[in-house]
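So the structure is just underneath, and the comments pick up after that.
The values are calculated or read from the model by the stated rules, or taken from the named source; none is laboratory data. Keep in mind the model is a prediction, meaning the values are calculated, not measured. Heads up, the Cβs are rebuilt from the backbone with ideal geometry, glycines too, and the neighbour counts pull from every protein chain shown. Quick note on the areas: whole protein, heavy atoms, side chains included, nothing else; ligands and nucleic acids left out. Shrake-Rupley method; radii C 1.70, N 1.55, O 1.52, S 1.80 Å.
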Amino acid sequence: MSITIDARGFSCPQPVLMFMEAIKSGNEKEIIMLVDTDASKENVSRAAESKKYNVTDIRQQGDEYQITIVKD
Amino acid sequence: MVKNFFAGRWGIICVGAVIGILAGVLQKMGNPGNMGICVACFERDIAGALGLHRAGVVQYMRPEIIGFVLGSLIAALSFKEFKPRSGSAPIARFVLGVFAMIGALVFLGCPWRALLRLAGGDGNAIIGLLGLAGGIWIGVLFLKNGYNLGRSQATHKSVGLIFPLIMLGFLCLMFLYPQVAGENKSGVLLYSLKGPGAMHAPLFISLVIGLVVGFAAQRSRFCTMGAFRDLILFRHIHLLTGLISLVLFAFVTNFVLGQFNPGFEGQPVAHTMQVWNFAGMVLAGLAFALAGGCPGRQLFLSGEGDGDAAVFVLGMIMGAAIAHNFGLASSPKGVGPHGIAAVAVGLIVCLFIGFTMRKNIKGV
C-alpha cells in the first residue's frame, strides 16, 4: 500500500514523527513524504534509513521535496 | 545533486570542532571566561547595548550574533536554501523565547555556554546540562502526545530578509557609533565599562568568526536542543556527535591556551546554587524543545528566512530586558531576587503551551 504524507510547513521533529507514525502499523510498503525544507528532507531520509527503509527518490518541485521511501 | 558534506556524520563533527576551537580562541582574544560564545548572554548584551535594560555590566552589541545570522543567510542563499516562511504561532514562540532567556539567565548561559563551561572545567555546568536534558525530556513527552505549533506558510522574500536586515542595521550602528575608551555611551549604543560586557574580542575577529560559525551551522543544522531531543525521541545520535565534538575540541583548546580551571567555586560568570542551576535549565530546555531549536539554531533558522525563529529570538532579547530590569537574572553571587518566582511562572506557561497546543497532524 502507498501512502502520501504532507509535512509541508512543519519544522523538525514533526516530519520525522509523522513518518514514524506512518510506519507504525508496518503495512505501508511505500511512503511518499512532502516536505519544504532541506533540514526536513535530510532528517526524514536519515530516519528512514535508520528504520531500514530505502529512500528511492527525492524529487524537487519548486521549493518543495517529494521523498519516496520504500520498505525492503 | 551535490551531497551536503556538512549534513553527514563527519560534517557535523567538523562543525562541532570548529565551534569548540573558535569559542576558545574568542575567549583568548578577549571574550569573558567560558563565554567564548554564548547565544543567550550575547543577546542579553545586545539588549543592554540598545538600552532595553540598564544593567551596566552587560551592554555590548555582540558582533558574533550578527555574524551568526548573516553567515547563515549567506549559506542559505549560496545553496538555494533561503526559504522565507512564517505564521506558525508567532506569539507562542515569542513567549517561549522570553522564558527560554529567563531560564538561561538563572543558570547563566545557553546550552552552548553550558558545554563551554564544562569544557573550561566548571562543574556547575554538569548540573545545568542535566537540567537542560530534563527540560527537553518533558518537551519530548509533549511532542509524543501531538504537541506542535502548526504549519508555517511560504511568504514574501522580504519577510525572510527582515531579521537579517535588522542585524545588518545593528552592525551599521557599531560602525557609526564605535566604542570610545572610558565612555559608556557612543551615539545610541551603550558600552559596558566593566563586567562581562566590557570583555570582548576585537570587532572584526568576532564578526568573521560569527560569519564562519553561522555559515557552517546553517549547512550542518547544528542544534544542541535537537541533539538531546533526537536522542530521547528517536535514539538518533547524529546531532549529539556534533555536540560531543564541540566539548572535546573546546576542552583541548582551553587546555592548550591555559583556560582550563576545574572546580565548582569561583568559576567565571557562574554561581553554585545547584537547585537553580538545574531548574533554570529545565525551563530553558523545555522552552527550546517546544519552540523547536536551541538559541543558536533559532538564529541560523532566522538567517535562512524563518520568520517564526526570528520572533523567538526577539522574544529572547525581550526576555533579557525583563530579566535584568526586574531582578530575575542571576549573578556570580546567586539567583536574583525574583529569579525563583520567574522560573515557576515560566514552567507554568510552558506547561500551558505544551498541554493546549495539540492537533492531529497525520498529514494524510
Ignoring ligands and nucleic acids, B:C110 exposes an accessible area, probe 1.4 Å, in Å² to the nearest 10, of 0 Å²
Here the residues of the stretch B:221-251 whose accessible area is at least 50 Å² smaller with all protein chains than in the chain alone (probe 1.4 Å) are B:R221, B:F234, B:H236
Taking only the alpha carbons of chain A, what extent do you get along each of the three principal axes, in Å, biggest first? 30, 21, 18
Mean shadow of the stretch B:11-57, computed from the convex hull of its alpha carbons, in nm²? 3.9 nm²
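For the pair B:T155 and A:T4, what calculated FRET efficiency results from E = 1/(1 + (r/R0)^6), where r is the Cβ-Cβ distance and R0 = 30 Å, to the nearest 0.05?
Efficiency computed from Cβ-Cβ geometry: 0.75.
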Inter-part distance where the stretch B:121-177 and the stretch B:269-322 are each reduced to a Cα centre, Å: 5 Å
When the scattering of the protein assembly as shown is computed by the Debye formula from its Cα atoms alone, each counted once and equally, what is log10 I(q)/I(0) at q = 0.08, 0.12 Å⁻¹? -0.40, -0.92
Å³ per residue of the Cα convex hull, for the stretch B:144-234? 186 Å³
What lysines sit close enough to A:K71 to cross-link, taking a C-alpha to C-alpha distance under 17 Å and skipping anything fewer than 8 places away on the same chain? A:K24, A:K29, A:K51, A:K52
Estimated FRET transfer efficiency (B:R54, B:H338; beta-carbon r; R0 25 Å; 0.05): 0.95
Looking at chain B, what % of its DSSP beta bridges pair antiparallel, to the nearest 5? 75 percent
Measuring from label point to label point, each 7 Å out along Cα→Cβ, what is the B:F355 to B:I162 span in nm? 3.3 nm
Which longest uninterrupted range of chain A lacks any trypsin sites (Lys or Arg not before Pro) assigned by DSSP to a loop state (not H, G, I, E or B) and surrounded by at most 13 other Cβ atoms within 10 Å? A:1-23
Computed FRET efficiency, Cβ-Cβ of A:E30 and B:N184, R0 45 Å: what is it to the nearest 0.05? 0.10
What is the packing order of peptides B:95-105, B:318-328, taking the mean over residues of other C-beta atoms within 10 Å and listing the highest first? B:95-105, B:318-328
Please state the Cα pair-distance histogram of chain B with 20 angstrom bins from zero: what percent is in each bin? 33, 62, 6, 0
Accessible surface, the protein assembly as shown, averaged per residue in Å² (probe 1.4 Å): 38 Å²
Ignoring trypsin sites (Lys or Arg not before Pro) buried by more than 16 other Cβ within 10 Å or outside DSSP loops, the longest site-free run in chain B is B:81-193
Antiparallel DSSP beta bridges within the protein assembly as shown, as percent of all bridges there, nearest 5: 75 percent
As a test of the definition: with a 1.4 Å probe, what buried accessible area, both sides summed, do you compute for A against B, in Å² to the nearest 100? 2200 Å²
With all protein chains present, how much of the accessible area of the stretch B:53-145 (probe radius 1.4 Å) comes from carbon and sulfur, to the nearest whole percent? 73 percent
After finding the eigenvalues of the alpha carbon gyration tensor for the stretch B:313-364, what semi-axes result from the square roots of 5 times each, listed largest first in whole Å? 31, 13, 8
